[in-house]
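Some notes on the structure that comes next.
The values are calculated or read from the model by the stated rules, or taken from the named source; none is laboratory data. Because the structure is predicted, anything quoted here is derived from the model rather than measured. Cβ atoms come from the backbone with ideal geometry, glycine included; neighbour counts cover every protein chain shown. Remember, those area values only see protein heavy atoms, side chains included, never the ligands or the DNA or RNA. Shrake-Rupley method; radii C 1.70, N 1.55, O 1.52, S 1.80 Å.
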Amino acid sequence: MRSTTAALAAAGLACIAAPAACVAQSRDQIRIVGSSTVFPYTQAVAEQFVGLKGMRSPVVEATGTGGGLQVFCGGIGTPYPDIAGASRRIRPSEVALCAKNGVDDITEARIGDDGISIAQSVAGPEMDLSRAELFEALAASVAQGDAIVANPFRRWREIGPDLPDTPIQVFGPPPTSGTRDAFVELVMTPGCRGFPAIAALPPPKQAEVCARMRQDGPFIEAGENDNLIVKRLEADPTALGIFGYSFLYENADRLRGVAVDGVEPTPATIASGAYAVTRPLYLYIKNPHRAVIPGLNAFLTEYFSEDSIGPDGYLAERGLIPLPEAERAQVRADVAAGKRLGPLAPDGQG
């Protein structure tokens, strides 16, 4: 037992000293984790890759953006994923976690854009919701006059006289999801700012009120399986669901998008930015794995090909909003060169 422990300790020291050597203890399948929004795109590329190259199918897991990056940043070597999909940009704290564990050579690659869809069954009453109305429906605390109170709203009509007299029931992503993070940033935070009682709060308290989702029933965390939300919307025409545009696109015969601030989610409104709830999608690639995990470079070449991410590519057919041509070319060049992600500004935007 003592010799086994010593051998494992020695192997761990070797990994710290030369992380790429650990990767060389190779596996024969690419491993990808992360966003449930990016998952169907990555799964489609994996299927295409296997058909073209005749290699073993990559293992693709929908763990959520936050959960996936935690695992991705765990270290270098075969126990750790090669790629993480993300429906928001990696945070400075996640970059720091990666660096702490020796994962300090990462390429960031934007694959395209997505609109976070608020969707409903085609059998339900058509809705057009402002971000302020969505905030009032889903926040844990809301403004009532000059006070901040626990959310009292249970029916849409209580929020606005033009809204349907149906229960507020919204299925959405858990805290580990990048879609949840982006929804808070793009819907909840702008939606709360128009209420004077909230605007008067100190910035830390204001941020807390704007971001905290209610936990008293009307908002239901539905996990990372967005297909389950689709099924729940079919079963209840009065319910709404929050997920990436691809799931609305793939189920257009059964679901419709709810307009947000008067604009419906479509490829044109997402690409132009007219639809307010638009966000970028990313892959994060562990560069030390590229030379030793069989097929990883070939998989990346396929992922960022025009046949995949271009306007006529098979990912556009699944709802991905392609980047402009010059941006696609730059991303493709950065991936091929293994461009290293640099330091991020404190707000994650640098």
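Using a probe of 1.4 angstrom and keeping all protein chains present, the accessible surface of segment 25-130 works out to 35 square angstrom per residue. Solvent-accessible surface of segment 195-345, averaged per residue with a 1.4 angstrom probe and all protein chains in place: 44 square angstrom. Across segment 107-119, rounded Karplus estimates of 3J(HN,Hα) from the backbone phi angles (6.51 cos²θ - 1.76 cosθ + 1.60, θ = phi - 60°) give 9, 9, 9, 7, 8, x, 10, 8, x, 5, 9, 9, 10 Hz, Gly and Pro being marked x.
Atom-type composition of the exposed protein surface of the chain places 55 percent of the accessible area on carbon and sulfur (1.4 angstrom probe). Only one residue of N225, F135, I159 has its Cα farthest out toward the positive end of the dipole of the chain, where Lys and Arg carry +1 and Asp and Glu -1 on Cβ, and that residue is N225. For the chain, the 222 nm mean residue ellipticity estimated from helices alone, with every DSSP H stretch of n ≥ 4 adding -39500 (n - 2.57) and the total spread over all residues, rounds to -10000 deg cm²/dmol. Of V230, V50, V331, the residue with the greatest mean-square motion in the GNM of the chain, using alpha carbon springs below 10 Å, is V50. Rounded to the nearest 20 debye, the dipole magnitude of the chain is 1200 debye, with +1 charges on Lys and Arg beta carbons, -1 on Asp and Glu beta carbons, and the Cα centre as origin. Charge dipole (Cα centre; +1 on Lys/Arg Cβ, -1 on Asp/Glu Cβ; no other charges) of segment 236-318 amounts to roughly 380 debye. Dipole check for segment 41-199: with +1 at the C-beta of Lys and Arg, -1 at the C-beta of Asp and Glu, and the Cα centre as origin, the magnitude is about 300 Debye. Annotated for the chain: lysine pairs at least 8 residues apart or interchain, Cα distance under 27 Å, count 5.
Of the residues G145, L201, S246, the one whose Cα sits farthest toward the positive end of the charge dipole of the chain, with +1 on the Cβ of Lys and Arg and -1 on the Cβ of Asp and Glu, is L201.
In segment 206-349, a dipole from Cβ-located charges (positive for Lys and Arg, negative for Asp and Glu) runs towards its positive end, and of Y303, A337, A276 it is A337 whose Cα lies farthest in that direction. Normalised by 2.2 N^0.38 Å, where N is the number of residues, the C-alpha radius of gyration of segment 115-230 stands at 1.04. Relative to the current alpha-carbon distance between E327 and S93, full extension at 0.36 nm per residue lengthens the span by 81.6 nm.
Ranked from largest, the principal axis spans of the Cα set of the chain equal 69, 45, 40 Å.
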